[in-house]
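> Encoded as structure tokens, here's the structure I'll be asking about.
The values are calculated or read from the model by the stated rules, or taken from the named source; none is laboratory data. From a predicted model like this one, the values you see are computed outputs, not experimental measurements. Virtual Cβ from ideal backbone geometry, glycine too; neighbours counted across all protein chains shown. For the accessible areas, the whole protein counts, side chains as well, though only heavy atoms, and no ligand, DNA or RNA atoms are used. Shrake-Rupley method; radii C 1.70, N 1.55, O 1.52, S 1.80 Å.
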Amino acid sequence: MSTAKKDYKRVTVKSLVEMKANGEKISMLTAYDYTMAKIVDGAGVDVILVGDSASNVMAGHETTLPITLDQMIYHASSVIRAIHRALIVVDLPFGSYQSDPKEALRSAIRIMKESGGHAVKLEGGKEIKESIKRILNAGIPVMGHLGLTPQSIYKFGTYTVRAKEEAEAQKLKEDALMLEKAGCFAIVLEKVPAKLAKEVAESLTIPIIGIGAGNGVDGQVLVTHDMLGMTHEFNPRFLRRYLDLYTEMTNAFKQYVTDVKAVDFPNDSEQY
């Protein structure tokens, strides 16, 4: 297997499958606004997820459930205007696809037409198979999401690791195969045992993107605000903080307050 890195001027769903085939790991981060997306894209991240985690990160909700389709379209539109290289995947929010395949298709079409996104992501396995098929039949690329599925938090009752027991692990493997056969171009596996995630990645031809799923998968995704250390109360094992922006920003804001009150800002060179 070759590990040579190909230079992709634009990343597409086909690019991700090629990356897996060539042994190149896939990088994926979240973004919800123009400014952050421009920086993330410029850094060479392969996939930007406009996640329903915006419900937590941007709006302060406890779960991902409250965010609406209109709000997801707003965030995705902002991100699309910033990017030149990355593939943009947009979460279908809770309530926009689970109960009715026709509604799922309408929701996906709205995202694609009104935001300009490149693909959508749905949580779940065989229970949403018809919704996935309906969306795919319309020519819209779909990324799956298995393991811990935050939109089902009240069903699970906890954010702990999923598929530790044999029955749930077997269902996850069956769902992953079903998603590949249905035509999904990739699957996110969230908070599952590393051994299981590696097994799934090796058994499928489509890429498996992990978050809390070990390093045996085909790529990794993190919430950008978490890996930058802008959030500081959230400390799962899988999170690596590359910066401590919470502290850096707090200190900068405090210094600004001090400078304003001391009439140190603006100084002579900062005036007209």
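> At least 1 residues that are modelled with pLDDT under 95 in each: list the helices (runs of 4 or more DSSP H) lying fully within the stretch 121-197 that qualify. Talk me through it step by step, then tell me what you get.
Details: elements: 129-137, 153-156, 166-182.
It comes to 153-156, 166-182.
> Right, next: Search the stretch 244-272 for residues that are within 26 Å of Asp226 (Cα to Cα) and pair each with any residue that is in a helix (DSSP H, G or I) and not aromatic (Phe, Trp, Tyr) when their beta-carbon atoms are under 9 Å apart and the residues are at least 6 apart or on different chains.
Leu245/His225
> Looking at (1) in the same structural domain as Glu24 (by the TED database); (2) open to solvent by 30 Å² or more (accessible area, probe 1.4 Å), which one does Gln255 not meet, given that it meets all the others?
If we test Gln255 against (1) in the same structural domain as Glu24 (by the TED database); (2) open to solvent by 30 Å² or more (accessible area, probe 1.4 Å), just (1) comes out false.
> Quick one: is Tyr8 assigned to a loop (DSSP other than H, G, I, E, B), in the same structural domain as Thr231 (by the TED database), of a type in the set (Ser, Thr, Tyr) and open to solvent by less than 70 Å² (accessible area, probe 1.4 Å)?
Working: assigned to a loop (DSSP other than H, G, I, E, B): yes; in the same structural domain as Thr231 (by the TED database): no; of a type in the set (Ser, Thr, Tyr): yes; open to solvent by less than 70 Å² (accessible area, probe 1.4 Å): yes.
Spelling it out, it is not the case that Tyr8 is assigned to a loop (DSSP other than H, G, I, E, B), in the same structural domain as Thr231 (by the TED database), of a type in the set (Ser, Thr, Tyr) and open to solvent by less than 70 Å² (accessible area, probe 1.4 Å).
> To continue, here is another question. Where in the stretch 11-112 are the helices (runs of 4 or more DSSP H), entirely inside, with at least 3 residues that are within 18 Å of Met230 (Cβ to Cβ), open to solvent by 20 Å² or more (accessible area, probe 1.4 Å) and in the same structural domain as Val221 (by the TED database)?
Details: elements: 13-21, 34-42, 54-57, 69-80.
It comes to 34-42.
> Given the structure, is Lys126 among the charged types (D, E, K, R) and more than 16 Å from the chain's Cα centre (by Cα)?
Answer is yes for this residue.
> Checking Lys171 against (1) surrounded by 17 or more Cβ atoms within 10 Å (Cβ to Cβ); (2) more than 17 Å from Arg237 (Cα to Cα); (3) basic (Lys, Arg): exactly one of these is not met. Which one?
(1)
> Right, another one. What do you reckon, is Val217 under 15 Å from Thr149 (Cβ atoms) and surrounded by 23 or more Cβ atoms within 10 Å (Cβ to Cβ)?
In short, no.
> Of all residues in the stretch 218-272, how many are assigned to a helix (DSSP H, G or I) and modelled with pLDDT under 95?
Looking only at the stretch 218-272, we keep the residues that are assigned to a helix (DSSP H, G or I), and these are 224-227, 245-261, 268-270.
From what is left, the residues that are modelled with pLDDT under 95 are none.
The qualifying residues number 0.
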